[in-house]
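Just so it is clear, none of the values below were taken in a lab; they were calculated from the coordinates. Only a predicted model underlies this, so the values are computations on that prediction, with no experimental measurement involved. Virtual Cβ from ideal backbone geometry, glycine too; neighbours counted across all protein chains shown.
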Amino acid sequence: MNTKLKVSEISKIYPGCIANDKVSLEFGSGKIYALLGENGAGKSTLVKILSGVVKPDEGEVFLNDESIKLNSPLDAKKNNIGMVFQHFNLFETLSVFENLSIDSDKKDEDLRVLVNDILKKYNFKIDLDIPVLNLSAGQKQKVEIIRCLIRNPKVLIMDEPTSVLTEQETDDLFISLKQFSKDGILIIYITHKLKEVLSLCDEVAVMRKGKVVSVSKTIDEKIESLANKMVGENLNTIKKKINNFKNSEEILKISNLNFKSDDPYETNLNNLNLSLKKGECLGIAGISGNGQNELFQILSGEIITDGTSIMFRNKEIGKLNPRERREYLMAFSPEDRISQAAVPELKIYENVALNNFKSSNFFEKGLVNEKKIKEHSKKILSNFSVNTDNVELKSQFLSGGNLQKLIIGRELITSPELLVCFNPTWGLDVGAINYIHETLIQINEQGKSSILISTDNDELLKLSDRICVIYKGKLSKIMNADTVTAEKLGILMGGGSID
Amino acid sequence: MEVQLIKIEKRNDVSRSIYFLTPVLAIFLTLFGGGIIFYILGFNPIEALKFFFITPISDLYGLSELLVKATPLCLIAIGLSFCFKSNNWNIGAEGQLIFGGIVGGGVALLFYNHEGFYVLPIIILSGAIGGMLFAMIPAILKTYFNTNEILVSLMLVYVAKLLLDYLVVGPWSNPEGFNFPETRQFSESARMSILFDGLRIHAGIFITLITVFLSWLILYKTYLGFQIKVSGLSLKTAKYAGYKGKTMIIIVFMISGACAGLAGVGEITGPIGQLHRNISPDYGFTAIIVAFLGRLNPVGIIFASLIVALTYLGAETAQIFLQVPKYTGQVFQGMILFFLLGSDYLLFFKIKFLGLKKNEL
């Protein structure tokens, strides 16, 4: 069985971003291919096109030199392209076997024989008759893989399969994948973890900003070289003037903070230490899903930890909720601006009232002071050049950029000592990005501090005074921004280490 | 085989006037559906609907009865709107009503040979507190043990019903009552005053109206109301804004339970005058329909309670004149909810037809 898969000149344009820009790649069976790239590099779009979830605007897919049309996931299945997504599509309360039989047209008895053969062949140990909810993440993934194997796939695509696996489960998975490859299945492995690429794959294609930037054999690559390709070296942006904060007052200190989550899709944070000086911007880089969400919520007070490990202006604030932290002059701009930082169904002035200080007097004696809130909102709209002066407008009618200006404005108009923001510019156009960047630089110049959690390295290098990287819930050493290069960031983000 | 592909998409903006008009549409559809049912049963639909919806309120007595039924419905629905607006699904208002009735009734029995202006307020207050405490059970279990409030509040309805059963049969039954499952009649001081001679409409309606006004004030003019609104729209945002989620859950359940308890005590001190097994014809459940039909809006709920109260009366007249079971009333209530949810779905989502596609499964 010899399989050749070829994508030719694939383009996919979403409003405001080119997800795939004339992507051409060739794959042949017997090898494991890595598709490497940062978030938003276009890997997922390409995979969705191959699995029929998304239709390309241009370009063709060839299987064994024949052009195939992938209009739906069903078409992908018919062409023997199997896909295991990062998040499992299993019915938790049904048994393993029931999950497998749902999308199979075989008779139950035949299917059971076939599944048992597969289990024996690849040495999978799974009880077919227990409910899926009793399985570990690794076993659930095996069920997904078996579901693909039933259909005799020619191509198997794995989308960031190790993000929910333990080390041991990862090792097991790699053994299985190598065996599949030996059996003639073409494997495409999507990841942003550099070590995995080197230990598992034969060839690696690196994508950046929708384009394929390199295709090479993994034996010719090292962690550093791949990191370079993944992150890019376009550092021509203006950097902020780096200040020396040696003598400045320390404003925030986190010591030995741990967080353990009950949710397997969340990341645990281990032994977190950081400190922040007055007027300083600390950048936290990392590929998303490495604990940024949890870190933001710990800083904002949405996750309450123990009382002693977070000190802000010499006060223990670990047990305070977000509103109480605001009283101590902290401000927060979360990543999800549409459904967390603001409520689309609420009017602008109501969204402004979400950031409620005692001294703002929005609610006097428990009653809503609409006049005061509206005056305050008007001030935000004009000071932060939001493209409307109608405070009665529902915020769902604001563009992303204007909504973000409103949120940043709401957070900043009260002159907080610390602003924590998480991906403040994702999905915005260049004009809005510049505005937000200028604003963030400005607050540092006014002696206010900021923590910038971002997955955009250009942004981090432009705005931060010091930078560290979060990987699997651990923070790297904190480095001065002038000593940091994109290459270093790339290595740390991919789980490598630098001296 | 060719299949029609259908896609369901969220509508971006729904106009406010249509949002408040859909309940009216739902009522008309219910009338239409009811007409069809009567036709199938062999009645002239127009005549039957007239018996159902016009005859009951064509005299003063009927209008008074309408208000007697609407009073508890409106009160409970107002309370429920606090819960529903903040995404807390209190399904057990019936239990809170009964428990409020038990506590208020117990106090009324304590005072059975007392007279005095202070008796009734004490009874009313204790009824409200009873309902409130009973509603706090699902609230506390939800906040501290992560239980599902729908199940807990619903199951507690049966606990309250059985408790009432036990009390009226056993310890609280009327010593001179020949073992009928009912308590003594309450004293005159323990009864709501009747507003007009010969009609059953009682002072409880003022409690309802005052509660409606206070609820409007709380929901639209206070910080608490704002927090309830935000939590209902996005729990993530409420958390980010730092609202005390647990406290708020308990507060809305307390308000809701107090309203249901008030409704219970209003029934036993108003039209009933004692405790027996059936102090509520499922007002607590029907009020859920009232709350949604009224769009969780205080004014809307007033109108909705009148309409749903009419289905209770209509069922009684229909039973007398058409010899259909009085459960037809529940059929109508069910239809109202069904058509309301149906039209809401079409209001908030649009169905797109993507054309025919060959299916080769």
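Given all pairs of different Cα atoms, what value in angstroms does the Kirkwood hydrodynamic radius of region A:4-231 take?
Values: mean 1/r = 0.0552 Å⁻¹.
That comes to 18.1 Å for region A:4-231.
Helix B:204-221 sits at what angle to the longest principal axis of chain B, using alpha carbons and giving 0 to 90 degrees rounded to 10?
50 degrees
Which value at 222 nm does chain A reach when only helices count, each DSSP H run of 4 or more adding -39,500 (n - 2.57), with the total divided by all residues and rounded to the nearest 500 deg cm²/dmol?
Theoretical 222 nm ellipticity from helices: -9500 deg cm²/dmol.
Please enumerate, by chain and number, the aspartates and glutamates with C-alpha under 14 Å from the C-alpha of A:Lys140, excluding those fewer than 8 residues away in the same chain.
Here the aspartates and glutamates satisfying the reach criterion relative to A:Lys140 are A:Glu92, A:Glu98, A:Asp127, A:Asp129, A:Glu169, A:Asp172.
What spacing in nm lies between the two simple spin-label points modelled at A:Lys182 and B:Leu5, each 7 Å away from Cα in the Cβ direction?
About 4.1 nm, to one decimal.
Only bridges whose two residues both fall in region A:4-231 count here: according to DSSP, what percent of them are antiparallel, nearest 5?
55 percent
Give the percent of DSSP beta bridges with both residues in the protein assembly as shown that are antiparallel, rounded to the nearest 5.
60 percent
Can I get the semi-axes of region B:70-352's equivalent ellipsoid? Compute them from the C-alpha gyration tensor as square roots of 5 times the eigenvalues, in angstrom, largest first.
Semi-axis lengths for region B:70-352 are 32, 23, 18 Å.
I'd like the mean, over residues of B:232-239, of how many other protein chain beta carbons sit within 10 Å of each residue's own Cβ.
Numbers: counts 2, 6, 10, 2, 7, 10, 3, 8.
That works out to 6 on average.
When we measure straight from the Cα of B:Lys161, which lysines land under 29 angstrom away, once same-chain ones fewer than 8 places off are left out?
Straight-distance partners of B:Lys161: B:Lys69, B:Lys85, B:Lys142, B:Lys246, B:Lys326.
B:Phe353 to A:Asn271: FRET efficiency via 1/(1 + (r/R0)^6), r the Cβ-Cβ distance, R0 51 Å, to the nearest 0.05?
0.35
Let me have the relative contact order for chain A, percent, based on Cα pairs under 8 Å that are six or more residues apart.
16 percent
Over region B:70-352, what is the mean sequence separation of C-alpha contacts under 8 Å (at least six apart), divided by residue count, expressed as relative contact order in percent?
33 percent
For helix A:108-121, report the angle its Cα long axis makes with the longest principal axis of the Cα atoms of chain A; keep it between 0 and 90° and round to the nearest 10°.
For A:108-121 against chain A, the angle is about 80 degrees.
Rg/Rh for region A:307-433: what does it come to with C-alpha atoms and Rh from Kirkwood?
0.98
What fraction, in whole percent, of alpha-carbon pairs in region B:140-189 exceed 19 Å separation?
49 percent
Figure the gain on full extension for A:Lys121 and A:Glu364 (residue separation times 0.36 nm, minus the Cα-Cα span) and round it to one decimal in nm. Show your work: numbers first, answer last.
Working: separation 243, 0.36 × 243 = 87.48 nm, distance 7.09 nm.
Working it through step by step, the gained length comes to 80.4 nm.
Distance from the Cα centre of region A:331-409 to that of region A:29-65, in angstrom?
41 Å
Could you sort out which of A:Lys379/B:Lys350; A:Lys448/A:Lys472; A:Lys22/A:Lys260; A:Lys154/A:Lys217; A:Lys48/A:Lys222; A:Lys12/B:Lys229 sit more than 31 Å apart by Cα distance in this structure?
A:Lys379/B:Lys350; A:Lys22/A:Lys260; A:Lys12/B:Lys229
Over 27 Å between Cα atoms, which of A:Lys121/A:Lys474; A:Lys315/A:Lys372; A:Lys277/A:Lys405 qualify?
A:Lys121/A:Lys474; A:Lys315/A:Lys372, as the Cα separations exceed 27 Å there.
To the nearest 20 Debye, how big is the dipole of the protein assembly as shown about its Cα centre, given +1 on the beta carbon of each Lys and Arg and -1 on that of each Asp and Glu?
That gives a dipole near 1380 debye.
At most 15 other C-beta atoms within 10 Å and a DSSP loop state: those are the exposed chymotrypsin sites (Phe, Trp or Tyr not before Pro) I care about. Give me the longest piece of chain A that has none.
That gives A:92-264 as the longest site-free run.
Starting from the coordinates of the alpha-carbon atoms of chain A, obtain the Kirkwood hydrodynamic radius over all distinct pairs and give the value in Å to one decimal.
24.8 Å
Ignoring everything except DSSP H segments at least 4 long, calculate the 222 nm mean residue ellipticity for chain B; use -39,500 (n - 2.57) per segment, divide by total residues, nearest 500.
-23000 deg cm²/dmol
Only Lys, Arg, Asp and Glu count, each charged at its Cβ (+1, +1, -1, -1), so figure out the dipole size of region A:242-337 about its Cα centre, rounded to 20 debye. It would help to have the intermediate numbers written out before the result.
Numbers: 12 positive and 14 negative charges, 100 e Å.
Roughly 480 debye for region A:242-337.
R0 = 22 Å: FRET efficiency of B:Asp13 with B:Phe338, Cβ-based, nearest 0.05?
The value I calculate is 0.30.
For the protein assembly as shown, build the charge dipole from Cβ charges (+1 Lys, Arg; -1 Asp, Glu) around the Cα centre, then report which of A:Leu463, A:Thr308, B:Phe178 sits farthest towards its positive end.
Highest projection toward the positive end goes to A:Leu463.
Counting other C-beta atoms within 10 Å, and keeping those with at most 12, which DSSP coil GluC sites (Glu not before Pro) do you find in region A:16-80?
Answer in residue order: no site qualifies.
Given a Förster distance of 25 Å, report the FRET efficiency between B:Leu163 and B:Met136 from their Cβ-Cβ distance, rounded to the nearest 0.05.
Working: r = 16 Å, r/R0 = 0.66.
Here the calculated transfer efficiency is 0.95.
Taking only C-alpha pairs under 8 Å that are 6+ residues apart, what is the relative contact order of region A:436-481 in percent? Could you put the intermediate results ahead of the total?
On the way: 33 pairs, mean separation 11.7, N = 46.
RCO, region A:436-481: 25 percent.
Are there trypsin sites (Lys or Arg not before Pro) in region A:357-453 that DSSP puts in a loop and that have at most 11 other Cβ atoms within 10 Å, and which ones? Before the final figure, lay out the partial values.
Numbers: sites: A:Lys358, A:Lys365, A:Lys371, A:Lys372, A:Lys374, A:Lys378, A:Lys379, A:Lys394, A:Lys405, A:Arg410, A:Lys448; in loops: A:Lys358, A:Lys365, A:Lys448.
Counting only loop positions with at most 11 other Cβ atoms within 10 Å, the trypsin sites (Lys or Arg not before Pro) in region A:357-453 are A:Lys358, A:Lys365.
For A:Lys106, give me every one of the lysines with a C-alpha distance below 16 angstrom, ignoring sequence neighbours fewer than eight places off in its own chain.
Result set, ordered by chain and number: A:Lys77, A:Lys78.
Peptides B:294-304, B:40-50: what's the order by average Cβ count within 10 Å, highest mean first?
Descending packing order for the listed peptides: B:294-304, B:40-50.
Expressed as an acute angle from 0 to 90° and rounded to the nearest 10, what is the orientation of the C-alpha long axis of helix A:137-149 relative to the principal long axis of chain A?
Tilt of helix A:137-149: around 40 degrees.
Going by how many other beta carbons lie within 10 Å of each one, how would you line up B:Val68, A:Val368, fewest first?
By the 10 Å Cβ count, ascending: A:Val368, B:Val68.
Cβ neighbours within 10 Å, averaged per peptide: list A:284-293, B:135-144, B:189-198, A:206-215 in order, most packed at the top.
A:284-293, B:135-144, A:206-215, B:189-198
Could you tell me the distance between the Cα centroids of region B:26-96 and region A:425-448, to the nearest Å?
57 Å
What are the GluC sites (Glu not before Pro) within region A:158-237 that DSSP puts in a loop, where the Cβ has at most 11 other Cβ atoms within 10 Å? Each step should come with its number before you reach the end.
Values: sites: A:Glu167, A:Glu169, A:Glu196, A:Glu203, A:Glu221, A:Glu224, A:Glu233; in loops: A:Glu221, A:Glu233.
Here the GluC sites (Glu not before Pro) that fit, given the DSSP loop and packing criteria, are A:Glu233.
For chain A, with the dipole built from +1 on Lys and Arg beta-carbon atoms and -1 on Asp and Glu ones, taken about the Cα centre, which of A:Val386, A:Thr218, A:Leu269 lies farthest toward the positive end?
After comparing all options, I get A:Val386.
Counting just the Cα atoms, what span does the protein assembly as shown cover along each of its three principal axes? Round to the nearest Å and put the largest first.
Computed over the protein assembly as shown, the largest-to-smallest principal extents equal 99, 74, 49 Å.
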